[in-house]
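First up is the structure itself, then whatever we jot down about it.
The values are calculated or read from the model by the stated rules, or taken from the named source; none is laboratory data. Just so it is clear, the structure is predicted and the values come from calculations on it, not from any experiment. Quick note on the areas: whole protein, heavy atoms, side chains included, nothing else; ligands and nucleic acids left out. Shrake-Rupley method; radii C 1.70, N 1.55, O 1.52, S 1.80 Å.
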Amino acid sequence: MEIVRTVTQLKSHAEQARKQGLTIGLVPTMGALHAGHLSLIERARRENDVVFVSVFVNPSQFNNPEDLRTYPRTEEADCALLTKAGVNYAFIPTPDEIYPEPDTRVFDLGSVADVMEGAMRPGHFNGVAQIVSKLFAWVNPTRAYFGEKDFQQIAVIRRMAQLEHFDDLTIVACPIVREKDGLALSSRNVRLSPENRQKAPEIHRILEKSRQMRANGNTVADTIKYVTDAINAIDCMEVEYYQIVNPITMQPINSWEEVPEATGCITVYCGDVRLIDNITYHSKQ
Ligand code: PAF
(Lines give C-alpha, C1' and ligand atoms only; values in the text may rest on other atoms or scores of the structure.)
Protein backbone atom coordinates (compact mmCIF):
# COMPACT_ATOMS: atom_id res chain seq x y z
CA MET A 1 0.00 0.00 0.00
CA GLU A 2 1.20 3.49 -0.80
CA ILE A 3 0.52 6.37 1.57
CA VAL A 4 -0.34 9.51 -0.37
CA ARG A 5 -0.09 12.88 1.38
CA THR A 6 -0.73 15.40 -1.38
CA VAL A 7 -3.60 16.15 -3.72
CA THR A 8 -1.17 16.24 -6.67
CA GLN A 9 -0.01 12.68 -5.95
CA LEU A 10 -3.59 11.53 -5.37
CA LYS A 11 -4.78 12.91 -8.71
CA SER A 12 -1.79 11.47 -10.53
CA HIS A 13 -2.31 7.92 -9.16
CA ALA A 14 -6.02 8.06 -9.98
CA GLU A 15 -5.35 9.39 -13.47
CA GLN A 16 -2.83 6.65 -14.16
CA ALA A 17 -5.32 3.98 -13.09
CA ARG A 18 -8.01 5.44 -15.31
CA LYS A 19 -5.63 5.67 -18.29
CA GLN A 20 -5.00 1.94 -17.86
CA GLY A 21 -8.75 1.35 -18.03
CA LEU A 22 -8.94 0.21 -14.40
CA THR A 23 -12.04 0.68 -12.25
CA ILE A 24 -11.53 2.69 -9.07
CA GLY A 25 -13.25 2.19 -5.72
CA LEU A 26 -13.11 5.05 -3.20
CA VAL A 27 -13.82 4.64 0.51
CA PRO A 28 -13.87 8.03 2.28
CA THR A 29 -13.26 7.73 6.05
CA MET A 30 -12.27 9.81 9.04
CA GLY A 31 -9.97 7.05 10.31
CA ALA A 32 -10.15 5.23 13.67
CA LEU A 33 -10.96 2.32 11.43
CA HIS A 34 -13.03 -0.65 12.55
CA ALA A 35 -14.73 -3.68 11.02
CA GLY A 36 -17.46 -1.44 9.56
CA HIS A 37 -14.88 0.38 7.43
CA LEU A 38 -13.22 -2.92 6.58
CA SER A 39 -16.52 -4.24 5.20
CA LEU A 40 -16.69 -1.22 2.85
CA ILE A 41 -13.09 -1.83 1.79
CA GLU A 42 -13.70 -5.55 1.17
CA ARG A 43 -16.64 -4.71 -1.03
CA ALA A 44 -14.66 -2.01 -2.85
CA ARG A 45 -11.89 -4.54 -3.50
CA ARG A 46 -14.35 -7.14 -4.81
CA GLU A 47 -15.97 -4.67 -7.20
CA ASN A 48 -13.00 -2.61 -8.46
CA ASP A 49 -9.45 -3.02 -9.77
CA VAL A 50 -7.91 -0.33 -7.55
CA VAL A 51 -8.99 0.89 -4.12
CA PHE A 52 -8.31 4.33 -2.60
CA VAL A 53 -9.16 4.99 1.06
CA SER A 54 -9.05 8.53 2.43
CA VAL A 55 -8.34 9.08 6.12
CA PHE A 56 -9.13 12.65 7.07
CA VAL A 57 -10.92 14.12 10.07
CA ASN A 58 -12.67 16.86 8.13
CA PRO A 59 -12.88 20.04 10.24
CA SER A 60 -15.54 21.66 8.05
CA GLN A 61 -18.17 19.07 9.04
CA PHE A 62 -17.78 19.52 12.82
CA ASN A 63 -20.09 22.13 14.27
CA ASN A 64 -18.74 21.44 17.76
CA PRO A 65 -15.02 22.21 18.35
CA GLU A 66 -14.89 19.80 21.32
CA ASP A 67 -16.19 16.97 19.13
CA LEU A 68 -13.47 17.74 16.55
CA ARG A 69 -10.80 17.87 19.27
CA THR A 70 -11.79 14.55 20.85
CA TYR A 71 -12.45 12.64 17.61
CA PRO A 72 -10.11 9.59 17.75
CA ARG A 73 -7.00 9.78 15.57
CA THR A 74 -5.13 6.50 15.17
CA GLU A 75 -3.04 6.81 12.01
CA GLU A 76 -0.54 4.05 12.74
CA ALA A 77 -3.19 1.44 13.55
CA ASP A 78 -5.26 2.60 10.56
CA CYS A 79 -2.31 2.13 8.18
CA ALA A 80 -1.70 -1.39 9.51
CA LEU A 81 -5.36 -2.29 8.94
CA LEU A 82 -5.43 -0.74 5.47
CA THR A 83 -2.29 -2.59 4.42
CA LYS A 84 -3.72 -5.88 5.68
CA ALA A 85 -7.01 -5.17 3.90
CA GLY A 86 -5.19 -4.92 0.55
CA VAL A 87 -5.85 -1.23 -0.12
CA ASN A 88 -3.75 0.23 -2.94
CA TYR A 89 -3.61 3.88 -1.86
CA ALA A 90 -4.27 5.51 1.52
CA PHE A 91 -4.78 9.25 1.15
CA ILE A 92 -3.84 10.84 4.50
CA PRO A 93 -3.61 14.62 4.02
CA THR A 94 -3.29 17.53 6.47
CA PRO A 95 -6.15 20.06 6.76
CA ASP A 96 -3.97 22.64 4.92
CA GLU A 97 -3.55 20.24 2.00
CA ILE A 98 -7.33 19.90 1.65
CA TYR A 99 -8.19 23.50 2.46
CA PRO A 100 -5.29 25.73 1.34
CA GLU A 101 -7.94 28.42 1.55
CA PRO A 102 -11.35 28.24 3.27
CA ASP A 103 -13.98 26.37 1.28
CA THR A 104 -16.83 28.87 1.04
CA ARG A 105 -19.07 26.73 -1.16
CA VAL A 106 -22.64 26.39 0.07
CA PHE A 107 -24.48 23.42 -1.44
CA ASP A 108 -28.18 23.49 -2.11
CA LEU A 109 -28.73 20.13 -0.46
CA GLY A 110 -32.49 20.56 -0.22
CA SER A 111 -34.91 18.96 2.19
CA VAL A 112 -32.94 15.71 2.68
CA ALA A 113 -30.42 17.78 4.63
CA ASP A 114 -32.85 19.93 6.66
CA VAL A 115 -34.10 17.33 9.14
CA MET A 116 -32.50 15.16 11.86
CA GLU A 117 -28.68 15.51 11.67
CA GLY A 118 -29.13 18.59 9.48
CA ALA A 119 -31.32 20.26 12.10
CA MET A 120 -29.17 19.18 15.07
CA ARG A 121 -25.77 19.92 13.52
CA PRO A 122 -26.02 23.11 11.46
CA GLY A 123 -23.40 23.17 8.69
CA HIS A 124 -22.50 19.51 9.18
CA PHE A 125 -23.83 18.24 5.87
CA ASN A 126 -22.44 21.21 3.94
CA GLY A 127 -19.01 20.25 5.34
CA VAL A 128 -19.56 16.61 4.32
CA ALA A 129 -20.54 17.79 0.82
CA GLN A 130 -17.40 19.97 0.65
CA ILE A 131 -14.95 17.19 1.45
CA VAL A 132 -16.71 14.42 -0.46
CA SER A 133 -17.09 16.58 -3.59
CA LYS A 134 -13.36 17.35 -3.48
CA LEU A 135 -12.51 13.66 -3.16
CA PHE A 136 -14.88 12.74 -5.99
CA ALA A 137 -13.35 15.41 -8.25
CA TRP A 138 -9.74 14.41 -7.47
CA VAL A 139 -10.15 10.62 -7.63
CA ASN A 140 -13.02 10.42 -10.12
CA PRO A 141 -13.91 6.96 -8.80
CA THR A 142 -16.05 4.39 -10.55
CA ARG A 143 -17.77 3.60 -7.24
CA ALA A 144 -17.75 5.22 -3.79
CA TYR A 145 -18.71 3.34 -0.63
CA PHE A 146 -20.57 4.61 2.45
CA GLY A 147 -22.01 2.86 5.50
CA GLU A 148 -25.74 2.87 6.19
CA LYS A 149 -25.18 3.71 9.84
CA ASP A 150 -25.00 7.30 8.58
CA PHE A 151 -28.24 6.76 6.72
CA GLN A 152 -29.11 10.40 6.06
CA GLN A 153 -25.53 11.18 4.99
CA ILE A 154 -25.92 8.82 2.03
CA ALA A 155 -29.02 10.68 0.82
CA VAL A 156 -27.14 13.98 1.17
CA ILE A 157 -24.14 12.67 -0.76
CA ARG A 158 -26.43 11.40 -3.54
CA ARG A 159 -27.95 14.87 -3.72
CA MET A 160 -24.51 16.53 -3.85
CA ALA A 161 -23.40 14.10 -6.58
CA GLN A 162 -26.48 15.01 -8.60
CA LEU A 163 -25.89 18.76 -8.13
CA GLU A 164 -22.21 18.48 -9.09
CA HIS A 165 -22.94 16.16 -12.04
CA PHE A 166 -20.90 13.19 -10.89
CA ASP A 167 -23.13 11.27 -13.26
CA ASP A 168 -20.87 8.29 -14.00
CA LEU A 169 -20.17 7.53 -10.37
CA THR A 170 -22.08 4.84 -8.48
CA ILE A 171 -22.67 5.48 -4.78
CA VAL A 172 -22.80 2.16 -2.96
CA ALA A 173 -24.64 2.00 0.38
CA CYS A 174 -23.34 -0.81 2.61
CA PRO A 175 -25.18 -2.42 5.55
CA ILE A 176 -24.41 -1.51 9.17
CA VAL A 177 -21.87 -3.78 10.85
CA ARG A 178 -22.63 -4.57 14.50
CA GLU A 179 -20.82 -5.94 17.50
CA LYS A 180 -22.08 -9.38 18.58
CA ASP A 181 -24.26 -7.66 21.19
CA GLY A 182 -25.89 -5.45 18.52
CA LEU A 183 -24.10 -2.13 19.04
CA ALA A 184 -23.50 -0.48 15.65
CA LEU A 185 -19.77 -0.13 15.03
CA SER A 186 -18.61 3.47 15.28
CA SER A 187 -15.28 5.19 15.75
CA ARG A 188 -16.89 6.93 18.73
CA ASN A 189 -17.54 3.66 20.61
CA VAL A 190 -13.98 3.70 22.02
CA ARG A 191 -14.96 6.79 24.02
CA LEU A 192 -17.73 4.95 25.92
CA SER A 193 -16.98 4.21 29.59
CA PRO A 194 -16.99 0.46 30.39
CA GLU A 195 -20.38 0.82 32.15
CA ASN A 196 -21.94 2.76 29.26
CA ARG A 197 -20.45 0.35 26.72
CA GLN A 198 -22.41 -2.43 28.46
CA LYS A 199 -25.66 -0.47 28.17
CA ALA A 200 -25.16 0.88 24.62
CA PRO A 201 -26.51 -2.28 22.84
CA GLU A 202 -29.90 -1.48 24.40
CA ILE A 203 -30.37 1.08 21.61
CA HIS A 204 -30.42 -1.63 18.94
CA ARG A 205 -32.39 -4.04 21.13
CA ILE A 206 -35.15 -1.47 21.70
CA LEU A 207 -35.22 -0.52 18.01
CA GLU A 208 -35.57 -4.20 17.08
CA LYS A 209 -38.36 -4.61 19.62
CA SER A 210 -40.17 -1.60 18.17
CA ARG A 211 -40.60 -3.50 14.90
CA GLN A 212 -43.09 -5.60 16.79
CA MET A 213 -45.03 -2.42 17.62
CA ARG A 214 -45.43 -1.76 13.90
CA ALA A 215 -46.34 -5.41 13.26
CA ASN A 216 -48.96 -5.26 16.04
CA GLY A 217 -50.74 -2.33 14.41
CA ASN A 218 -49.42 0.53 16.57
CA THR A 219 -49.18 3.98 15.01
CA VAL A 220 -45.97 5.73 13.98
CA ALA A 221 -46.40 8.19 16.87
CA ASP A 222 -46.83 5.36 19.40
CA THR A 223 -43.74 3.60 18.07
CA ILE A 224 -41.68 6.79 18.36
CA LYS A 225 -42.91 7.27 21.92
CA TYR A 226 -42.12 3.68 22.84
CA VAL A 227 -38.51 3.90 21.56
CA THR A 228 -37.87 7.32 23.06
CA ASP A 229 -39.30 6.46 26.49
CA ALA A 230 -37.59 3.06 26.67
CA ILE A 231 -34.16 4.50 25.85
CA ASN A 232 -34.56 7.57 28.08
CA ALA A 233 -35.41 5.20 30.95
CA ILE A 234 -31.83 3.89 30.87
CA ASP A 235 -29.89 6.05 33.30
CA CYS A 236 -26.89 7.03 31.13
CA MET A 237 -28.94 7.69 27.99
CA GLU A 238 -30.75 10.61 26.45
CA VAL A 239 -32.43 10.48 23.06
CA GLU A 240 -31.64 13.56 20.97
CA TYR A 241 -34.16 12.60 18.31
CA TYR A 242 -36.02 9.59 17.06
CA GLN A 243 -37.77 10.02 13.74
CA ILE A 244 -39.40 7.54 11.40
CA VAL A 245 -38.86 8.74 7.86
CA ASN A 246 -39.34 8.03 4.18
CA PRO A 247 -35.95 6.46 3.30
CA ILE A 248 -35.67 8.42 0.04
CA THR A 249 -36.82 11.90 1.05
CA MET A 250 -35.80 11.68 4.74
CA GLN A 251 -39.08 13.42 5.63
CA PRO A 252 -40.93 12.15 8.71
CA ILE A 253 -43.95 9.99 7.98
CA ASN A 254 -47.23 10.19 9.89
CA SER A 255 -48.63 6.83 8.90
CA TRP A 256 -47.07 3.50 7.91
CA GLU A 257 -49.14 3.45 4.72
CA GLU A 258 -47.13 6.36 3.27
CA VAL A 259 -44.18 4.13 2.29
CA PRO A 260 -43.55 0.41 1.71
CA GLU A 261 -40.54 0.57 4.04
CA ALA A 262 -39.81 3.23 6.61
CA THR A 263 -36.54 3.96 8.41
CA GLY A 264 -36.30 4.85 12.08
CA CYS A 265 -33.29 7.11 12.67
CA ILE A 266 -32.01 7.74 16.17
CA THR A 267 -29.37 9.76 17.93
CA VAL A 268 -28.67 9.05 21.57
CA TYR A 269 -26.25 10.58 24.03
CA CYS A 270 -24.76 7.69 25.97
CA GLY A 271 -22.95 9.65 28.66
CA ASP A 272 -21.17 12.30 26.58
CA VAL A 273 -20.83 10.09 23.49
CA ARG A 274 -23.24 10.75 20.65
CA LEU A 275 -24.31 7.47 19.04
CA ILE A 276 -26.42 7.07 15.95
CA ASP A 277 -28.27 4.06 14.61
CA ASN A 278 -31.26 3.18 12.47
CA ILE A 279 -33.70 0.41 11.66
CA THR A 280 -35.95 -0.51 8.75
CA TYR A 281 -39.65 -1.17 9.31
CA HIS A 282 -40.95 -3.44 6.56
CA SER A 283 -44.61 -3.43 5.63
CA LYS A 284 -44.94 -7.16 6.37
CA GLN A 285 -43.01 -8.54 9.33
O1 PAF B 1 -18.87 9.23 7.37
C2 PAF B 1 -17.76 9.74 7.54
O3 PAF B 1 -16.85 9.17 8.12
C4 PAF B 1 -17.52 11.16 7.01
O5 PAF B 1 -18.65 11.94 7.13
C6 PAF B 1 -16.98 11.18 5.57
C7 PAF B 1 -18.01 10.63 4.58
C8 PAF B 1 -15.70 10.39 5.48
C9 PAF B 1 -16.68 12.62 5.15
O10 PAF B 1 -15.73 13.19 5.98
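Overview of values
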{"quantity": "Value of [θ]222 nm, deg cm²/dmol, for the chain, DSSP H segments ≥ 4, -39500 (n - 2.57) each, nearest 500", "calculated": "-11500 deg cm²/dmol"}
{"quantity": "Helix axis angle, 151-163 relative to the chain longest principal axis, alpha carbon, degrees", "calculated": "50"}
{"quantity": "All aspartates and glutamates inside 14 Å of K180 as judged from Cα atoms, apart from same-chain residues fewer than 8 positions distant", "calculated": "E202"}
{"quantity": "Principal axis dimensions, largest first and in whole angstrom, of the stretch 65-182 by Cα", "calculated": "39, 39, 36"}
{"quantity": "Considering only the chain, percent of DSSP beta bridges that pair antiparallel, nearest 5", "calculated": "50"}
{"quantity": "Rounded D (µm²/s) - the stretch 120-197, Kirkwood Rh over Cα pairs, Stokes-Einstein at 10 °C, 1.306 mPa s", "calculated": "112"}
{"quantity": "Two-decimal Rg/Rh across the chain, once Rg and the Kirkwood Rh are taken from alpha-carbon atoms", "calculated": "0.97"}
{"quantity": "Unsatisfied cross-links (Cα-Cα over 28 Å) in the set K11/K84; K84/K199; K84/K209; K199/K225; K134/K199", "calculated": "K84/K199; K84/K209; K134/K199"}
{"quantity": "Cα Rg, Dmax (largest Cα-Cα span) when computed across the stretch 1-88, Å", "calculated": "14.0, 44"}
{"quantity": "Distribution of pairwise C-alpha distances over the stretch 159-214, 5 Å bins, in %", "calculated": "4, 15, 17, 15, 11, 11, 11, 11, 4, 0"}
{"quantity": "Share of carbon and sulfur in the accessible heavy-atom surface of the stretch 1-40 [1.4 Å probe, %]", "calculated": "52"}
{"quantity": "Using θ = phi - 60° and Karplus 6.51 cos²θ - 1.76 cosθ + 1.60, couplings along the stretch 265-272 (whole Hz; Gly, Pro as x)", "calculated": "10, 10, 10, 10, 7, 10, x, 9"}
{"quantity": "Average accessible surface area per residue within the chain, 1.4 Å rolling probe, Å²", "calculated": "47"}
